[in-house]
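Derivation of every value follows stated rules applied to the coordinates shown; laboratory data play no part. In this text, all values refer to a predicted model and were calculated from it rather than measured experimentally. Heads up, the Cβs are rebuilt from the backbone with ideal geometry, glycines too, and the neighbour counts pull from every protein chain shown.
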Amino acid sequence: MSTLLLVFFSGFAYATPLVLAGVGGSLSAKVNVFNIALEGMMLVGAFSAFAGATGSDNPWVGLLFGAAGGLVVALVFAVLCVDLGADPIVAGIALNIACQGATDVLLTVIYHQQGSYLPTHIGVFAPIAQQGVLSQVDLIVVLAALATVATGLLMYRTTFGLRVRAVGLYPHAAATVGVSVRSYRYLAILIGGVLCGIAGAYLPLNGLGMFSDDMTAGAGFIALAAVIFADGNPWITAAVAFVFGLADAVGSQLQLLNIPNELVLSIPYLLTIAVLVLQKWRLRLRERQSAPAPAVLSA
């Protein structure tokens, strides 16, 4: 029983960056902007948090730096997609590549290290408890849960959320009644960028105390899969992200059973493919149910 509880609470820890990035991506989805740049926002957030925590030896400073890093990338993405009319997929892929290259260069230029860097002093968040299942949980895990609840309430219980959804579904109608489509798209993308930056910050600040090239390892794309499956609903997105995190936690336990490491590490990515296939099946089923019945010709 203790092992099951350990795996369950470890799932929260593994899911935290996915939940934060997924909830951030759901905001972009609600304004009908396909934000494939979640990976880049997370990566810059991770490096910014690492730099802030290393320089100050304070994890809260690192967290603020991480949020700011994600915000900067989100601002660039918003300018490209909202103001300049760039295709979100093309802009997102370009930003992901640029962010990966930029963090690699900055790691070399600032710290004179290549590949990874583990400093002797860096502020990290301590777990809530030193023993037991709560040893897997820190304050950012709690923050992810609060952000999920708050975003869901913001989206479905406030005027702001109503306008965000209107901008995504009926932009011309929203503009007709005086809602600034541009402003709400910017706000949704920028708030999502802050959450993605915090998601990235979790990676070096959760006790690892290090930064490595491509530290996110596709976590942004896994979060994007959760957004797609949930149709942008932040609560469902967080639930799907938790399933991905739980798969990671189960995989870490399977490593103790001498199962090949390559197979264990592939579990979250295989699950991502399965989720996307299931979503495609759901969409086809929905289209069939909504299709008009064929007309019957009378004799």
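Some notes on this structure:
- In this structure, the amide hydrogen of F211, modeled 1.01 Å from its nitrogen in the peptide plane, lies closer than 5 angstrom to those of Y117, counting only residues at least 5 positions away or on a different chain.
- Put a plus charge on the Cβ of each Lys and Arg, a minus charge on the Cβ of each Asp and Glu, and nothing anywhere else: the dipole of the chain about its Cα centre is then about 1160 debye.
- Charged side chains reduced to their Cβ positions (Lys and Arg at +1, Asp and Glu at -1) give the stretch 124-222 a dipole of some 600 debye around its Cα centre.
- The residue list I228, L169, N206 was ranked by how far each Cα lies along the charge dipole of the chain toward its positive end, using unit charges on Cβ atoms, and L169 comes out on top.
- Lys/Arg +1, Asp/Glu -1 at C-beta; the chain dipole; positive extreme among C196, L257, I97: C196
- Amide H to amide H distances under 5 Å link A230 with no residue, where only residues 5 or more positions off or on other chains count and H is placed in the peptide plane.
- Vicinal HN-Hα couplings computed from phi for the stretch 134-146 (Karplus, 6.51 cos²θ - 1.76 cosθ + 1.60; Hz; Gly/Pro x): 6, 5, 8, 10, 10, 5, 6, 4, 5, 4, 5, 5, 5
- Across the stretch 47-58, rounded Karplus estimates of 3J(HN,Hα) from the backbone phi angles (6.51 cos²θ - 1.76 cosθ + 1.60, θ = phi - 60°) give 5, 4, 5, 4, 5, x, 6, 6, x, 9, 6, 10 Hz, Gly and Pro being marked x.
- Three-way shape call for the stretch 45-121 based on the alpha-carbon gyration tensor, with the a/c threshold at 1.5: oblate
- For the stretch 200-217, the Karplus equation 6.51 cos²θ - 1.76 cosθ + 1.60, evaluated at θ = phi - 60°, returns couplings of x, 4, 4, 5, x, 9, 8, x, 5, x, 8, 10, 9, 4, 6, 5, 6, 6 Hz by residue, with Gly and Pro reported as x.
- Structure-based [θ]222 nm, the chain - -39500 (n - 2.57) summed over DSSP H runs of at least 4, per residue, nearest 500: -24000 deg cm²/dmol
- Along the axis of the charge dipole computed for the chain (Cβ charges of +1 for Lys and Arg, -1 for Asp and Glu, origin at the Cα centre), the listed residues V277, L18, S116 are led at the positive end by V277.
- Percentage relative contact order, the chain, counting C-alpha pairs under 8 Å, at least six apart: 35
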